[in-house]
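**Q** First the structure, which I've put down as structure tokens, then a few questions once you've had a look.
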Amino acid sequence: MTDKTTPPSQNSASSIWGGRFAGGPSQLMLDINASISYDKALFRQDIAGSRAHATMLQAAGILTADDLAAITTGLAQIETEIADGIFTFSEALEDIHMNVEARLAELIGDPARRLHTARSRNDQVATDIRLWLRDAIDGLDDQLRALQSALLTQADAHAETVMPGYTHLQTAQPITFGFHLMAYVQMMGRDRSRLADCRKRMNESPLGAAALAGTSHPIDRHQTATLLGFDRPMENAMDAVSARDFAVEFMAAAAICATHLSRLAEEIVIWSTDRFTFISLSDAFTTGSSIMPQKRNPDAAELIRAKPGRIIGDLVSLLTVLKGLPLAYGKDMQEDKEPVFDAEASLAVCLAAMTGMIDDMSVNQQAMRAALASGHPAATDLADYLVSALKMPFRDAHHITGRIVSLADTHHCALDELPLSAMQEIEPRLDEAVQTVLSIDHCVAARNSFGGTAPDEVRARIAAARKAFLEG
Ligand code: ARG
């Protein structure tokens, strides 16, 4: 059971904010309040923010050059201590901001106590998460580009590999595997542009907004914004400390991207079953069963299929925290970090695993072609042929083709195996020319409209995608 009394190690008020407190917080208060266990991930951003703030304070005449030198040296030491894992984090100091500040005071004394002039943890934390997410988005963008590159390589190799295209997971029309993969290249392209939009909007500096209303000290928020690589300072101090829409937007973009990945993951699961055998995953991305020796389970794909569950959960969790929350800062907002970190980590591992699977998978071209023998994938082509060769209205052509399909079913054969004489019983004007139209390679090559599945068109789109997504 948690001890509700004041912990022995914390029997006095916080040295950082405890001026008006006689006693210290209870253990329970520390338990619910402390965020250090997870916000320590922000240490580099927190230190970068302090460095920029101190530089600006010195330029504004609030810190001396000696203060700044001491602060800079102290911060560098703290950064090394944390990176090396030798920093002692204190729960009593609640969060990364106070842990760093307290250690700085231990190391350099007085100048550390001047660093918090004209800032608050409210603008500090908002700055830190924006900086962190900015880097995270850059990392995810690199990963998405790598996935697009893997998909493009496979698409190029399989620009002519025919397979059934499905609607309702029922055989629809013949397509190429390269064409199918290119659909995902485009989806990933939009995922990247969503993240880029989000990054652009979030790249404004909250620093110097202080608690909520700005400050009476002569600070230069433009300077800190520039030092931290932000495009500009946020226009309204209250908005600066209250806004979390940038984090919501990030998670929405992450949820959409993860959802795209889950669709590809599900296709990988389907394609690799022993009923389809369209692809085989490498040993690196499959696992065995502890009881069934023959099994090769697509666990990575299944987990990618599942991950949107938690990423969408992360998004909904922060939206729920923010809904109805009055301005400006409320401690509720401390609940922003774990969902953001979780969404980022979950998406990053999905992208890495998906790229590995795509790189390594082997494609069974025979099985893909064999699958086209059933389900009459050339039926639309037959109807189109009736329209162009016999000038039949499409609705009539659709009906006639339906009758020919059903005749093929009674003969237990594919459309291109049905004797011409049998087809002529339904439509006497048909001649041998129809056979060409029914060949799978013809069906695919004929769909050469922009963005269609014809191999030449797919190759043109691959070249355009390489240019748009991989260069520059
Ligand atoms: N750990 C806090 C958070 O993540 C930092 C801001 C605390 N601000 C405050 N007024 N108590 O939100």
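FYI, it's all coordinate maths here, none of it is from the lab. Not measured: the values here are computed from a predicted model. Because the Cβ atoms are built from the backbone with ideal geometry, glycine has one as well, and the counts that use them run over all protein chains shown.
**Q** Does GLY85 qualify as being away from the ligand (no atom under 16 Å from the Cβ) and outside any helix (DSSP H, G or I)?
**A** Working: away from the ligand (no atom under 16 Å from the Cβ): yes; outside any helix (DSSP H, G or I): yes.
For GLY85, the condition - away from the ligand (no atom under 16 Å from the Cβ) and outside any helix (DSSP H, G or I) - is met.
**Q** To continue, here is another question. When the residues of the range 29-49 are narrowed to those that are within 20 Å of GLU81 (Cβ to Cβ) and of a type in the set (D, E, K, R), which ends up farthest from the ligand (Cβ to nearest atom)? I'd like the intermediate steps shown before the answer.
**A** Just the residues of the range 29-49 that are within 20 Å of GLU81 (Cβ to Cβ), to begin with: 34-49.
This time we only want the ones that are of a type in the set (D, E, K, R), so: 39-40, 44, 46.
Numbers: ASP39: 6, LYS40: 11, ARG44: 16, ASP46: 10 Å.
Per the stated criteria, the residue is ARG44.
**Q** Output yes when any residue across the range 457-467 is out of contact with any Asp or Glu (no Cβ under 9 Å at 6 or more places or on another chain), assigned to a helix (DSSP H, G or I) and among the β-branched types (Val, Ile, Thr), and no when none is.
**A** Looking for residues that are out of contact with any Asp or Glu (no Cβ under 9 Å at 6 or more places or on another chain), assigned to a helix (DSSP H, G or I) and among the β-branched types (Val, Ile, Thr), one finds none in the range 457-467, hence no.
**Q** Return the residue satisfying two criteria in turn: it lies in the range 95-126 and is in contact (Cβ under 8 Å) with a residue 24 or more places away in the chain and of a type in the set (Lys, Arg), and of such residues it is surrounded by the fewest Cβ atoms within 10 Å (Cβ to Cβ).
**A** ARG114
**Q** Residues in the range 12-28 that are exposed (fewer than 15 other Cβ atoms within 10 Å of the Cβ) and under 18 Å from HIS97 (Cβ atoms): how many?
**A** Filtering the range 12-28 down to residues exposed (fewer than 15 other Cβ atoms within 10 Å of the Cβ) leaves 12, 15, 17-23, 28.
Within this subset, residues satisfying the condition of being under 18 Å from HIS97 (Cβ atoms) are 15, 17-19.
Result for the range 12-28: 4.
**Q** Considering only the range 319-331, I want to know if a residue exists there that is among the β-branched types (Val, Ile, Thr) and over 18 Å from LEU347 (Cα atoms).
**A** Filtering the range 319-331 for residues among the β-branched types (Val, Ile, Thr) gives 320-321.
Filter again for over 18 Å from LEU347 (Cα atoms), leaving 320-321.
Yes, the range 319-331 contains at least one residue that is among the β-branched types (Val, Ile, Thr) and over 18 Å from LEU347 (Cα atoms).
**Q** Would you confirm whether any residue within the range 291-314 is free of Cβ contacts under 8 Å to residues at least 24 places away in the same chain, aliphatic (A, V, I, L, M) and assigned to a helix (DSSP H, G or I)?
**A** No: the range 291-314 contains no residue that is free of Cβ contacts under 8 Å to residues at least 24 places away in the same chain, aliphatic (A, V, I, L, M) and assigned to a helix (DSSP H, G or I).
**Q** Please enumerate the residues belonging to the range 421-460 that are of a type in the set (A, V, I, L, M, F, W, C), closer than 15 Å to LEU386 by Cβ and surrounded by 13 or more Cβ atoms within 10 Å (Cβ to Cβ). Give the steps one after another, and end with the answer.
**A** Pass one, the range 421-460, residues of a type in the set (A, V, I, L, M, F, W, C): 422-423, 426, 430, 433-434, 437-438, 440, 443-446, 450, 454, 458, 460.
From what's left, closer than 15 Å to LEU386 by Cβ: 423, 426, 430, 433-434, 437-438, 443, 446.
Selection gives MET423, ILE426, LEU430, VAL434, VAL437, LEU438, CYS443, ALA446.
**Q** Looking only at the range 282-298, how many residues end up being over 17 Å from ASP359 (Cβ atoms) and either of a type in the set (Asp, Glu) or surrounded by fewer than 13 Cβ atoms within 10 Å (Cβ to Cβ) (or both)?
**A** First, the residues of the range 282-298 that are over 17 Å from ASP359 (Cβ atoms): 287-297.
Adding the requirement that they be either of a type in the set (Asp, Glu) or surrounded by fewer than 13 Cβ atoms within 10 Å (Cβ to Cβ) (or both) leaves 289-295.
Going through the range 282-298 one residue at a time, the tally reaches 7.
**Q** Name the single residue that is nearest to PHE43 (Cα to Cα) among those in the range 70-88 being of a type in the set (Gly, Ala, Ser) and surrounded by fewer than 17 Cβ atoms within 10 Å (Cβ to Cβ). Before the answer, list the steps.
**A** Just the residues of the range 70-88 that are of a type in the set (Gly, Ala, Ser), to begin with: 70, 74, 76, 83, 85.
Checking which are surrounded by fewer than 17 Cβ atoms within 10 Å (Cβ to Cβ) leaves us with 76, 83, 85.
Working: ALA76: 11, ALA83: 9, GLY85: 12 Å.
Among them, the one singled out is ALA83.
**Q** Pick out, from the range 330-420, the helices (runs of 4 or more DSSP H) lying fully within it that include 1 or more residues that are in contact with a helix residue (DSSP H, G or I) (Cβ under 8 Å, 6 or more places away or on another chain) and under 25 Å from GLN148 (Cβ atoms). If you could, list the steps in order and put the result at the bottom.
**A** Values: elements: 337-360, 365-371, 379-390, 394-410.
So the answer is 337-360, 365-371.
**Q** Oh, and also: Only residues that are under 24 Å from the mean Cα position of the chain (by Cα) and within 15 Å of the ligand (Cβ to nearest atom): list them for the range 318-333, please.
**A** If we filter the range 318-333 for residues that are under 24 Å from the mean Cα position of the chain (by Cα), which is where we start, we get 318-323, 333.
Across the range 318-333, the qualifying residues are LEU318, VAL321, LEU322, MET333.
**Q** Another question, if that's okay. Hey, any hits in the range 341-352 for a residue that's in contact (Cβ under 8 Å) with a residue 12 or more places away in the chain and within 16 Å of the ligand (Cβ to nearest atom)?
**A** yes
**Q** If you take the residues in the range 430-469 that are in contact (Cβ under 8 Å) with a residue 60 or more places away in the chain and touching a Leu at 6+ places or on another chain (Cβ under 7 Å), which one is nearest to LEU372 (Cα to Cα)?
**A** Across the range 430-469, the extreme among qualifying residues is ILE440.
**Q** So, one more: Among the residues of the range 354-368, is any among the polar types (S, T, N, Q), more than 20 Å from THR161 (Cα to Cα) and out of contact with any Phe, Trp or Tyr (no Cβ under 9 Å at 6 or more places or on another chain)?
**A** Step one: of the range 354-368, the residues among the polar types (S, T, N, Q) are 355, 362, 364-366.
Right, trim to more than 20 Å from THR161 (Cα to Cα) and you get 355.
Keeping just the survivors that are out of contact with any Phe, Trp or Tyr (no Cβ under 9 Å at 6 or more places or on another chain) gives 355.
Scanning the range 354-368, I find at least one residue that is among the polar types (S, T, N, Q), more than 20 Å from THR161 (Cα to Cα) and out of contact with any Phe, Trp or Tyr (no Cβ under 9 Å at 6 or more places or on another chain), so the answer is yes.
**Q** Another question about this same structure. Could you identify the single residue in ALA136, ALA102, ALA146, ALA118 that is assigned to a helix (DSSP H, G or I), in contact with a helix residue (DSSP H, G or I) (Cβ under 8 Å, 6 or more places away or on another chain) and within 16 Å of the ligand (Cβ to nearest atom)?
**A** Values: ALA136 fails: within 16 Å of the ligand (Cβ to nearest atom); ALA146 fails: within 16 Å of the ligand (Cβ to nearest atom); ALA118 fails: assigned to a helix (DSSP H, G or I).
The match here is ALA102.
**Q** Still on this model: Suppose the filter is buried (at least 17 other Cβ atoms within 10 Å of the Cβ) and either within 12 Å of GLY49 (Cβ to Cβ) or within 33 Å of the chain's Cα centre (by Cα) (or both); does ILE129 pass it? Reasoning before the result, please.
**A** Values: buried (at least 17 other Cβ atoms within 10 Å of the Cβ): yes; either within 12 Å of GLY49 (Cβ to Cβ) or within 33 Å of the chain's Cα centre (by Cα) (or both): yes.
For ILE129, the condition - buried (at least 17 other Cβ atoms within 10 Å of the Cβ) and either within 12 Å of GLY49 (Cβ to Cβ) or within 33 Å of the chain's Cα centre (by Cα) (or both) - is met.
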